[in-house]
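S.K.: Below you'll find the structure I mean.
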Amino acid sequence: MKFICLSLLLISGITDSRSEWFEVVGPAGPVFAVAGEDVILPCSVKPNISVVDMRLEWFRLDQKDSVVHLYDNNEDRNTDQIQSYRGRTKLIHQELQTGNASLKLSSVRVSDEGRYKCFIQSKSQSDDATVDVRVEAVGSRPVITVDGFDRSGGLHLQCESEGWYPEPDLEWLDSEGVSMSSETTETHRNMDRFSVKHTITAHHSNDKIHCRVKLRHHMLETLIITTTQRQLREEKNRIQQEFSLERDQLLQSQKMIITQDVTRFRKHTAVKVILDADTAHRRLIVSDDGKQVRDGNTELNGEDGGKRFSEYRGVLGKDGFSSGSFYFEVQVKDQTKWYLGVARESCDRKSLIHLRPENGYWIVGQRGEKYWACDSSYVSLSLRVKLQRVGVFVDYEERLVSFYDVESMSHIYSYTGTPFNEKLYPFVCLGYVSNENSTPLIICEDY
């Protein structure tokens, strides 16, 4: 009788041990994520038993003190979590019943790329799986500019794009889709993003030329249609000869009108702008009086809360406007990478998006020696002098946002016709990825 009881106990023990046996399973290949979007890191157990009462730990294999997410004793315990993951990781608790321990990672960053370990431990067993995360950041749509002609009539074209990760491929294609060899190529890496610039000389008239930038899973393309180079040069010379006097007279009259406009804006619609440090990217340093902002090139601010910009080095004004007109001025002197204007209250502050009206931004900006507006597409601004101070005028009811070069009293660009629908806030930005130029942007009041 004792022998029978002992046998039953042994059999029972073997059965319990087998019921707890499991294998941790990860993805068969790399998991690709897009910067600014969310991604699921797959991890589960086979058979599909509940892991509710087990210890689940996600950590980085390539970092010290590498806890990404910890679940233990039936709750999340993230006091030792890596700072950069705070508020961005989540287990789907209802899925734990079926053995699914996948981790949701929100607002992916380039720094999230690496190898992760999913470790699961019961009272009697543990196992793990590795997840290889590859991050891709989609940069700006390529911009094609014309840099003049050579002696044979060839048209010099330059194409550039920035904000990519990893390094993208740039290629020129003719109207038949045949690749064209670039004459010069430049690649720069700023922190964790790449910018590329290629040039060619086009000798074919009435042709379509494409500039294409691509990664493994993403591609952006811009098209330029060239006309006969000789016609372009002759037309340019004719216009210069026939209208030089009229142009000078027109510019002078426009300057008088704009001078009157800016004077009226300063007197009747100028507002005091104070920058809201709580919205500033963590690398930005906002002065105590809220009148200046510069890039500290290191993460100085506190938690990356919901109000802060995560990709663009941006900051909003404290006060928003939902009616009437308002005007303010920003000094940009000696700074070579900036954007400024107004932004909608609900604008996306976490993603590397195009700063255009459809995304809640009305801006002009500078990158290097070139100035841009970002309407439905990028608009290159031909300015006669370097900008020192920019005036921003908004008429809410008229759906108008206009920009002025205050020093030369000239109009820069205007956005018209786009409904605002909600509060607009002054917006200034020092680019994205990095800005090694420590010159601040300054809110001006010395009218």
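S.K.: If you go through segment 388-397 one residue at a time, do you hit one that is of a type outside the set (Lys, Arg), touching a residue at least 60 places away in the same chain (Cβ under 8 Å) and farther than 23 Å from Ile274 by Cα?
M.R.: Yes - at least one qualifying residue is present in segment 388-397.
S.K.: Do we have Val135 as open to solvent by less than 50 Å² (accessible area, probe 1.4 Å), in contact with a helix residue (DSSP H, G or I) (Cβ under 6 Å, 6 or more places away or on another chain) and either more than 28 Å from Ser376 (Cα to Cα) or in contact (Cβ under 8 Å) with a residue 40 or more places away in the chain (or both) here?
M.R.: yes
S.K.: Are any residues in segment 59-84 within 22 Å of Arg282 (Cβ to Cβ) and touching a residue at least 24 places away in the same chain (Cβ under 8 Å), and if so, which ones?
M.R.: Arg60, Gln63, Val68, His69, Ser84
S.K.: What's the number of the condition Glu167 fails, among (1) open to solvent by 20 Å² or more (accessible area, probe 1.4 Å); (2) in a strand (DSSP E or B); (3) among the charged types (D, E, K, R)?
M.R.: In the conditions (1) open to solvent by 20 Å² or more (accessible area, probe 1.4 Å); (2) in a strand (DSSP E or B); (3) among the charged types (D, E, K, R), Glu167 misses (2) alone.
S.K.: Next question, about the same structure. I'm checking my understanding of the structure. Among residues of segment 419-443 that are open to solvent by 10 Å² or more (accessible area, probe 1.4 Å) and either in a strand (DSSP E or B) or in contact with a Pro (Cβ under 8 Å, 6 or more places away or on another chain) (or both), which one is modelled with the lowest pLDDT?
M.R.: Among residues in segment 419-443 that are open to solvent by 10 Å² or more (accessible area, probe 1.4 Å) and either in a strand (DSSP E or B) or in contact with a Pro (Cβ under 8 Å, 6 or more places away or on another chain) (or both), the one modelled with the lowest pLDDT is Tyr432.
S.K.: If you scan segment 319-332, which residues turn out to be outside any loop (DSSP other than H, G, I, E, B) and in contact with a Lys or Arg (Cβ under 9 Å, 6 or more places away or on another chain)?
M.R.: Scanning segment 319-332 gives Phe321, Tyr327, Phe328, Glu329, Val330, Gln331.
S.K.: Within segment 190-208, does at least one residue satisfy the condition of being crowded, with 19+ Cβ neighbours inside 10 Å and in a loop (DSSP other than H, G, I, E, B)?
M.R.: Checked segment 190-208: no residue is crowded, with 19+ Cβ neighbours inside 10 Å and in a loop (DSSP other than H, G, I, E, B).
S.K.: Looking only at segment 288-304, how many residues end up being open to solvent by less than 40 Å² (accessible area, probe 1.4 Å) and at pLDDT 95 or above?
M.R.: Result for segment 288-304: 3.
S.K.: Which one is surrounded by the most Cβ atoms within 10 Å (Cβ to Cβ) among residues in segment 18-43 that are of a type outside the set (A, V, I, L, M) and part of a strand (DSSP E or B)?
M.R.: Phe32
S.K.: Among what's in segment 170-189 and is of a type in the set (Gly, Ala, Ser) and surrounded by 13 or more Cβ atoms within 10 Å (Cβ to Cβ), pick the residue that is nearest to Ile225 (Cα to Cα).
M.R.: Here the answer is Ser175.
S.K.: Would you confirm whether any residue within segment 233-243 is open to solvent by less than 50 Å² (accessible area, probe 1.4 Å) and either at pLDDT below 90 or among the aromatic types (Phe, Trp, Tyr) (or both)?
M.R.: no
S.K.: OK, next. Search segment 271-286 for residues being out of contact with any strand residue (DSSP E or B) (no Cβ under 7 Å at 6 or more places or on another chain) and within 24 Å of Met191 (Cβ to Cβ), and hand back the single one that is least open to solvent (accessible area, probe 1.4 Å).
M.R.: This residue is Arg282.
S.K.: With the condition kept exactly as written, say whether any residue in segment 305-312 is part of a strand (DSSP E or B), in contact with a Cys (Cβ under 8 Å, 6 or more places away or on another chain) and open to solvent by less than 30 Å² (accessible area, probe 1.4 Å).
M.R.: yes
S.K.: So which strands (runs of 3 or more DSSP E) stay within segment 333-403 end to end and still have 1 or more residues that are open to solvent by less than 10 Å² (accessible area, probe 1.4 Å) and among the acidic types (Asp, Glu)?
M.R.: none
The values are calculated or read from the model by the stated rules, or taken from the named source; none is laboratory data. All figures in this text were calculated on a predicted structure; none of them were measured in a lab. As a convention, Cβ positions derive from the backbone with ideal geometry for all residues, glycine included, and neighbour counts pool all protein chains shown. The area values use the complete protein model at the heavy-atom level, side chains included, leaving out ligands, DNA and RNA. Shrake-Rupley method; radii C 1.70, N 1.55, O 1.52, S 1.80 Å.
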